[in-house]
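A.B. asks: Submitted below is the structure of interest, expressed as structure tokens.
Quick note: the coordinates plus some simple rules give every number you see, no bench work behind them. This structure is a prediction, so every number in the text was calculated from the model and none was measured. Positions of Cβ are backbone-derived with ideal geometry, glycine not excepted, and every protein chain shown enters the neighbour counts.
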Amino acid sequence: MATGCSLNIMMKEMPERTFDVGIAEGHAVTFSGGLAKEGMIPFCNIYSSFAQRAFDNIIHDVALCKQHVVFCLDRAGLVGQDGATHHGAFDLAALRPIPNLTIASPMDEHELRHMMYTAQLPGKGPFVIRYPRGRGVLADWRCPFEEIPVGKGRIAPSCSPFGGVSKLGGGDIEALPQRGSGEGAVLIAVLSLGPLGNVVAKVVRELREEGLSVAHYDMRFLKPIDEDILHEVGTTCRRIVTVEDGVIQGGLGSAVLEYMADHNLHPEVIRLGLPDHFVEHGTPDELYHLVGLDAPAIKQAIVHSSL
Amino acid sequence: MLSDIKLPADLRALPIEALPQVCSELRQEIIREMANNPGHFASSLGVVELTVALHYVFNTPHDRIVWDVGHQAAGHKILTGRRDAFPTYRHLGGLRPFPSPDESEYDTFACGHASNSISAALGMAVANELKVKVLKGENVKDERKVVAVIGDGSMSGGLAFEGLNNASSTPNNLLIILNDNNMSIDRSVGGMKHYLHQLHTSSLYNKVRFRLANGLVRLGMLSDNRRQKILRFNNSLKSLLVGQQNIFEGLNIRYFGPVDGHNVIELVNTLRQIKDMKGPKLLHLHTVKGKGFKAAEKNPTVFHAPGKYDPETGKRLEDIQN
């Protein structure tokens, strides 16, 4: 099974450090736990949908004792023509309640590299990185490694409505003005997790050109979630739109709602994600259109009943 | 004697003749303690000799013992520095119900759910192989032995087979101990149970082959490398003789046994003979769940977790109240 995840390349370079365990997802996880026990930092690479078979292994053999295993869950989100059995729809919602886990989803190849680099730094514990099938979005995936602060999101790139630098760091946006502070106040914040952030970025650019005040955050981490961002948008924005390529129950949208409820904040929250039924086969473009996660649908959801 | 064993190192300082006495005292201690402080009882009695033999032969905690499920680990806890704390077993803030790396360095891996021991121990064994390779043998003193202890009840779990399958294809020196009492909580069911029973019938062959091979190695006539090569031929020969394939040897895991799991001297001797052998291997033990406590031997399902009972008569409080 090395070829599907492109581990055949690594197998050639480092034959002694690459283990093909066959079709045995539970074993892959528990075996990784054993390696970690002896001080190794295994990267355990499984298709997201197949990792469902290893759910208990992740809890019992890795998370419980904080074994430093990095899970690289391939084919997260809708995979396309392999259909209902193969969509990586449940990983975010299924893994979020498990203590000790860090759960990350990169927006693009550079982020993926930074996350993989970050995940193997000392003391990081069990670390899940889930990423989609297919090709990346960047012209050149190469970049120097950078450590990403765990649990910190970012202003999505090239999405500054105002210019300037955010107190949230890293971006090129002013701190959001207070609600109702007049002209230029950000009314809508879109929080995305994973590769759909690229679609959101495009939509947000269009909306800004149309004069709408929209902020866009790439959350990067589902767990721990960036509460600074949630606090800021919860106290500043009238509407929050969450966008993720996992099931709508239990993922990013749910986490945002929980935060708002727990902190007595009452923005309007619109959640976009995969529906509560099994999505069949088709090309990814067709399917994301079908489930209302393509650019027009996301745009529609952001501006619908616009403030 | 038990009171002198603070840690397994104290146990290892004893002569082998003392071990039956240690086992007897350990068994009585478990019976006495668990009479008033209910827990997983019968499983722990079944592995008293194995527990003592493992800590006697292996250099724990440097060597790793990975218990499967872990409800059989009462004796293990008592021998590894937790005897005084044992009355707190399973109580809030007290000793945990299963082995836990957060509790003791002698507890190597998360325990509680069945069938994970082979996979976890294989990970440790492979990691150690890797370290030896990376260090190019300069630090061989540090080589760890890794032992997985799995019951026949857990052997029916798919994860155990995934582990076995992988053990045969990745370089490692893992020792798997199959604690076969024909029970899980209830009696074991399914094809594996029948299969393990049939394996017993070929025990004479296994004994002869094991002794022959050991003799040849001692005489310098058989290197470990050559033995590996002979193994495949041997497997075919054996299949021919007994009219069946040994599933473990079919997976290139060397099979030893079955051995009486309640004869601690024989266990120690067998473990000493096989522990330094290269490659993955499995030792098949025959044990009795609830061994040494008549009521539990007679009714191992009830005594899996019997609640409170009279340590003399074996009467359960629950039965008396009814």
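A.B. asks: Could you derive backbone 3J(HN,Hα) for the stretch B:76-88 from the dihedral phi with the Karplus parameters 6.51, -1.76 and 1.60 (θ = phi - 60°), listing whole Hz in sequence and x where the residue is Gly or Pro?
C.D. replies: Once θ is set to phi - 60°, the couplings for the stretch B:76-88 become 4, 5, 5, 7, 10, x, 10, 5, 5, 7, 4, x, 8 Hz.
A.B. asks: What are the residues whose amide H is under 5 Å from the amide H of B:L283, where those residues sit 5 or more places off or on another chain and H is modelled from the backbone?
C.D. replies: Residues meeting the amide H criterion: B:I176, B:I177, B:L178, B:F256.
A.B. asks: State the extension gain, in nm to one decimal, for the chain segment bounded by A:T283 and A:Q52, taking 0.36 nm per residue of separation less the distance between their alpha-carbons. Walk me through the intermediate numbers first.
C.D. replies: Working: separation 231, 0.36 × 231 = 83.16 nm, distance 2.28 nm.
Extra length from A:T283 to A:Q52 when fully extended: 80.9 nm.
A.B. asks: Once fully extended, how much extra length lies between A:V137 and A:I23, figured as 0.36 nm per residue of separation less the alpha-carbon to alpha-carbon distance? Provide the component values of the computation, followed by the final result.
C.D. replies: Details: separation 114, 0.36 × 114 = 41.04 nm, distance 3.00 nm.
Full extension of this stretch gives 38.0 nm more.
A.B. asks: Which distance in nm do the two modelled labels at B:K294 and B:E105 give, with both placed 7 Å along the Cα-to-Cβ direction?
C.D. replies: Label at B:K294, label at B:E105, 4.5 nm between them.
A.B. asks: May I pose another question? For the residues B:W67, A:W141, what sequence is obtained by ranking on other C-beta atoms within 10 Å, fewest first? Intermediate values should be presented prior to the final figure.
C.D. replies: On the way: B:W67 26, A:W141 13.
So the ranking, lowest neighbour count to highest, is A:W141, B:W67.
A.B. asks: For the stretch A:234-273, rounded, prolate or oblate, judged on the Cα gyration tensor with a ≥ b ≥ c (square roots of eigenvalues), a/c < 1.5 rounded, else prolate if a/b > b/c? The partial results should precede the final answer.
C.D. replies: Details: a/c = 3.14, a/b = 1.61, b/c = 1.95.
The shape class here is oblate.
A.B. asks: Order these by the 10 Å Cβ neighbour count, fewest first: B:H55, A:H68.
C.D. replies: Going from least to most buried by this count: A:H68, B:H55.
A.B. asks: Quote to one decimal, in nm, the extra length available between A:I9 and A:R238 on full extension: 0.36 nm per residue of separation minus the C-alpha distance between them. Intermediate values should be presented prior to the final figure.
C.D. replies: Working: separation 229, 0.36 × 229 = 82.44 nm, distance 4.84 nm.
Between A:I9 and A:R238, full extension yields 77.6 nm more.
A.B. asks: Here's a follow-up. Given chain A, what percent of its DSSP beta bridges are antiparallel, to the nearest 5?
C.D. replies: Details: 5 of 33 bridges.
If we restrict to bridges inside chain A, about 15 percent are antiparallel.
A.B. asks: Once you sort the root eigenvalues of the Cα gyration tensor of the stretch A:236-307 as a ≥ b ≥ c, which label holds: rounded (a/c under 1.5), prolate (a/b larger than b/c) or oblate (the other case)?
C.D. replies: Details: a/c = 3.59, a/b = 1.59, b/c = 2.26.
Oblate, since a/c reaches 1.5 and b/c is not below a/b.
A.B. asks: Taking the alpha-carbon centroid of each part, what is the distance from the stretch A:270-285 to the stretch B:1-60 in angstrom?
C.D. replies: 57 Å
A.B. asks: Between B:S169 and B:D260, how high is the FRET efficiency from 1/(1 + (r/R0)^6) when r is the Cβ-Cβ distance and R₀ = 30 Å? Nearest 0.05. Kindly include the intermediate steps, with their values, before the conclusion.
C.D. replies: On the way: r = 32 Å, r/R0 = 1.06.
In this case the efficiency is close to 0.40.
A.B. asks: Just tell me how shielded A:36-42 is by partners: mean number of partner chain Cβ atoms within 10 Å of each residue's Cβ, no decimals. Kindly include the intermediate steps, with their values, before the conclusion.
C.D. replies: Working: counts 4, 12, 13, 2, 7, 0, 3.
Across the residues of A:36-42, the mean count of other-chain Cβ atoms within 10 Å is 6.
A.B. asks: In the stretch A:7-130, what percentage of the DSSP-assigned beta bridges are antiparallel, given to the nearest 5? Mind dumping the intermediate values first?
C.D. replies: Values: 1 of 13 bridges.
Of all bridge pairs located within the stretch A:7-130, approximately 10 percent are antiparallel.
A.B. asks: Hey, got the average number of other protein chain Cβ atoms within 10 angstrom for residues in A:116-122? Show your work: numbers first, answer last.
C.D. replies: Values: counts 0, 0, 0, 0, 0, 0, 0.
Mean partner shielding for this stretch: 0.
A.B. asks: Among all the aspartates and glutamates, which ones have a C-alpha under 15 Å from B:K278's C-alpha, if same-chain residues fewer than 8 places away are not counted?
C.D. replies: Hits, sequence-local ones excluded: B:E129, B:E143, B:D224, B:E249.
A.B. asks: Turning to a different aspect of this structure: Summarise the partner chain shielding of B:97-109 as one whole number: the mean count of Cβ atoms from other chains within 10 Å of each residue's Cβ.
C.D. replies: Values: counts 0, 0, 0, 2, 5, 3, 0, 0, 0, 0, 1, 4, 9.
Per residue, the number of nearby Cβ atoms from other chains is 2 on average.
A.B. asks: Moving to a separate point now. Counting every Cα pair in chain A, what percent are over 32 Å apart?
C.D. replies: On the way: 12010 of 46971 pairs.
Roughly 26 percent, once rounded to a whole number.
A.B. asks: Moving on. List the residues of the stretch B:2-43 whose backbone N lies under 19 Å from a point placed 7 Å from the Cα of B:E312 along the Cα-to-Cβ direction.
C.D. replies: What the label zone holds, given the 19 Å backbone N cut-off, is B:28-37.
A.B. asks: Let me ask something else about it. In whole Hz, with x marking every Gly and Pro, tabulate ³J(HN,Hα) for the stretch A:273-281 from phi via Karplus 6.51 cos²θ - 1.76 cosθ + 1.60, θ = phi - 60°.
C.D. replies: Once θ is set to phi - 60°, the couplings for the stretch A:273-281 become x, 7, x, 8, 8, 6, 8, 7, 8 Hz.
A.B. asks: Rounded to the nearest 0.05, what FRET efficiency is calculated for B:E25 and B:L92 with R0 set to 30 Å and r the Cβ-Cβ distance?
C.D. replies: Numbers: r = 29 Å, r/R0 = 0.96.
The value I calculate is 0.55.
A.B. asks: With the crude spin-label approximation of a point 7 Å out along Cα→Cβ, what separation in nm comes out for B:A18 versus A:N264?
C.D. replies: In this crude spin-label approximation the distance works out to 6.7 nm.
A.B. asks: Is any residue of the stretch B:104-131 close enough, with backbone N under 18 Å, to a label point placed 7 angstrom from the Cα of B:K6 along the Cα-Cβ axis, and if so, which?
C.D. replies: B:104-106
A.B. asks: So, one more: Tell me, what HN-Hα J-couplings in whole Hz come from the Karplus equation 6.51 cos²θ - 1.76 cosθ + 1.60 at θ = phi - 60° for each residue of the stretch A:247-259, using x for Gly and Pro?
C.D. replies: Ordered by residue, 3J(HN,Hα) equals 4, 5, 8, x, x, 4, x, 5, 4, 5, 4, 4, 4 Hz.
A.B. asks: List the residues, sorted by chain then number, that are 5 or more residues from A:R133 or on another chain and whose placed amide H is less than 5 Å from its amide H.
C.D. replies: It is A:R75, A:A76, by chain and number.
A.B. asks: Cross-link list A:K124/B:K145; B:K291/B:K315; A:K124/B:K77; A:K12/A:K124: which exceed 20 angstrom alpha carbon to alpha carbon?
C.D. replies: Working: A:K124/B:K145 28 Å; B:K291/B:K315 16 Å; A:K124/B:K77 30 Å; A:K12/A:K124 28 Å.
With Cα atoms farther than 20 Å apart: A:K124/B:K145; A:K124/B:K77; A:K12/A:K124.
A.B. asks: For A:G246, what residues show an amide H to amide H distance below 5 Å, using hydrogens built from the backbone and excluding near sequence neighbours?
C.D. replies: A:L274
A.B. asks: Follow-up question, since we're still on this one. Post the alpha-carbon centroid distance, the stretch A:34-107 to the stretch B:270-322, in whole angstrom.
C.D. replies: Their Cα centres are 37 Å away from one another.
A.B. asks: Could you state the angle between the C-alpha long axis of helix A:25-37 and the longest principal axis of the C-alpha atoms of chain A, as a value from 0 to 90 degrees rounded to the nearest 10?
C.D. replies: 80 degrees
A.B. asks: Under the classification rounded if a/c is under 1.5, otherwise prolate if a/b is larger than b/c and oblate if not, where does the stretch A:7-130 fall, given a ≥ b ≥ c as square roots of the Cα gyration tensor eigenvalues? Walk me through the numbers before you get to the answer.
C.D. replies: Values: a/c = 1.28, a/b = 1.17, b/c = 1.09.
Here the stretch A:7-130 falls in the rounded category.
A.B. asks: Rank the residues B:V132, A:V247, A:V233 as a footprinting-exposure proxy: fewest other Cβ atoms within 10 Å of their Cβ go first. Spell out each step's value before the answer.
C.D. replies: Values: B:V132 17, A:V247 22, A:V233 25.
Going from least to most buried by this count: B:V132, A:V247, A:V233.
A.B. asks: B:N252 versus A:E210, label points 7 Å from Cα toward the beta carbon: distance in nm?
C.D. replies: A separation of 6.2 nm, rounded to one decimal place.
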